[in-house]
Structures are given as C-alpha cells and as structure tokens.
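The next block holds one structure in the form of structure tokens; read it before the comments.
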Amino acid sequence: MDDIALLRLASDTFAERIAEVGPDQHFLPTPCGDWNVAGLITHVLGGNHMAVRLLEGAHRAEAIGYLSGLPLGDDPLATFRANADEQLAAFSEPGALERIVEHPMGDLPGSAVLGFRIGDLTLHAWDLATAVGGTEELPEALVEKVWADLEPLSDNIATIGIFGDGPSGDVPEDAPLQTRLLDLVGRRP
C-alpha cells in the first residue's frame, strides 16, 4: 500500500473514531494530557490544514498559526471529512511529495510531511477511541507504517518533545506491534 493509500486509510480510521464520540463526550480527557476530545479533534484538523497550506507554499511562520483556530462546527465528522479530503487532494497533486516545504521542524519534502500526517492521524485515532471507550484496534498497515517511521528514533524519542515520555522499557519485544508502537510514543495501554 503506498503512502497516499495509507493517508486515506488513516483519515478513514480517524473519521470512524469521531463517529464513535457521543454528544456528551467532547469534554472527556484524552491520553494527550493537554487536550480533551474536542481539542484533540481540533488539533488533527489543524495539522491537516497546516499540511495543505505548506504544500501550497505557506512559510514556516504562517504554518504554526494553522495548527489552531479551526472550529469543529455543528457536525465534527463532516468538518473532518471535508478537511481530510482537502489534505488527500493536496498530497495527491503531481510533485507534492517531492516539493520542499517550510515545515516548523525544518525544510522537508512533502513525503516527510505525509509521513507525519499518517502518524498523527493513526496515533490520535487510538487516543480518541481510548477517551470515549471506542474501537482501539488500529489497522495493521497503519501500525506497521508508523512503527517503521518511528522505531529508528526510539533512543531519542522522549527528547523530541511530542511523544510524551517515550518508551517505558516495560513492553516485551514479542508484544503485539500496536502495543509496542503505543508504548514507543508514550501511551500506556
């Protein structure tokens, strides 16, 4: 499965988790300490929006502002689907994956930003499910992709500052890959 197909799968998975959110669950805490359910969805919307704008040529300083300020609207699922469709279209444009963008982490090819978006959508789908008692199992193809992208960073992942405390050191090597991935990024299922 290529990365565009994985982005579609990650977006669909996140949308399925939004569909599991009850009307009274938007203020529940998530495993991402800074965000409740509504805040987590808003964060993902902002990340998608930022990726689109970067691919359109936005500058680094502008990009940070795109991470917030997208309202959920009356129908968070419809808002997310439109946002995700826009992102998928942007990454599917000819040359988008080779284009160098001014990401807040440095000048990166679109393909690297695509990898970030797949990871963000995948991991936050689990966070969202955990918060509302939804489906925590993630598609195997997504788990494998995100693991392949992040496992090489395992020695330093806690110092990056976006993955909580990093790996606990308590998960055996023969544990299911999803369990190892979640532990790697500071989630303690």
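Nothing in this text is a laboratory measurement; each read-out follows from the coordinates by a stated rule. Source: prediction; values computed, not measured. Because the Cβ atoms are built from the backbone with ideal geometry, glycine has one as well, and the counts that use them run over all protein chains shown.
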Separation of the Ala19 and Asp174 label points, Cα + 7 Å toward Cβ, nm:
3.7
Just the number, please: Stokes-Einstein D of the chain in µm²/s, Kirkwood Rh from C-alpha pairs, 37 °C, 0.692 mPa s.
196
Length gained when the stretch Ala141-Leu153 is fully extended (0.36 nm per residue, less Cα-Cα span)
2.4 nm
Which whole-Hz couplings ³J(HN,Hα) result when phi for each residue of region 137-149 is put into the Karplus expression 6.51 cos²θ - 1.76 cosθ + 1.60, θ = phi - 60°, listed in order with x for Gly and Pro?
5, 9, x, 4, 4, 6, 4, 4, 5, 5, 4, 4, 6
Over region 3-143, relative contact order from alpha-carbon pairs under 8 Å, at least 6 apart, %
35
